[in-house]
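**Q** Got a structure for you, questions after.
The values are calculated or read from the model by the stated rules, or taken from the named source; none is laboratory data. Small disclaimer: the values here were computed from a predicted structure and weren't measured. No Cβ is skipped: glycine too gets one built from the backbone with ideal geometry, and neighbour counts run over all protein chains shown. Side chains included, ligands, DNA and RNA excluded: accessible areas come from the protein's heavy atoms. Shrake-Rupley method; radii C 1.70, N 1.55, O 1.52, S 1.80 Å.
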Amino acid sequence: MLKEMDHRYIDEHSVAQRYVGNALEPQERVEFETHLVDCQECTDRVLLAEMFHARKAEEDLPLRARLAARVKPWQMAVIFALTVLLLTAIPALLVPVLLRWLH
Ligand SMILES: [Zn+2]
């Protein structure tokens, strides 16, 4: 018979967090799932850990991927157009200045 998990153990060993992150030992997992069936408190712990886990997963995404997810296609087009404009305008402005400086 498995030793029953108590809340002290669950809190001290971050069991709910590790359960969500799939980081529990197989036996710990079985014990926790057995406990979870009857425990509203731990169900809440898992839900909270899931929310935290989802947010953390989002934070781990590269910045560009997160920005791309937020930027709409037409905004991308505007940013692209501005970038092209700047990249062509800067040399166009600098070349005459450089030529004058060289003479
Ligand atoms: Zn519990």
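**Q** Using a 1.4 Å probe, how large is the accessible area of T83, given in Å² and rounded to the nearest 10?
**A** 70
**Q** Using a 1.4 Å probe over the heavy atoms of the protein chains, calculate the carbon and sulfur portion of the accessible area of the chain as a whole percent.
**A** 66
**Q** Using only Cα atoms, what Kirkwood radius does segment 1-86 have, in angstroms?
**A** Its Kirkwood hydrodynamic radius stands at 15.8 Å.
**Q** Follow-up. Quick one, could you list the DSSP H helices from the chain stretching 27 Å or more along their long axis (Cα atoms) with average Kyte-Doolittle hydropathy of 0.0 or above?
**A** 73-102
**Q** Distance between Cα centroids, segment 1-33 to segment 38-87: provide it in whole Å.
**A** Here the two parts' Cα centres lie 29 Å apart.
**Q** Still on this structure, please answer the following. Just going by the charge dipole of segment 44-103, with Lys and Arg at +1 and Asp and Glu at -1 on Cβ, which of W74, L102, P91 is farthest out on the positive end?
**A** Of W74, L102, P91, it is L102.
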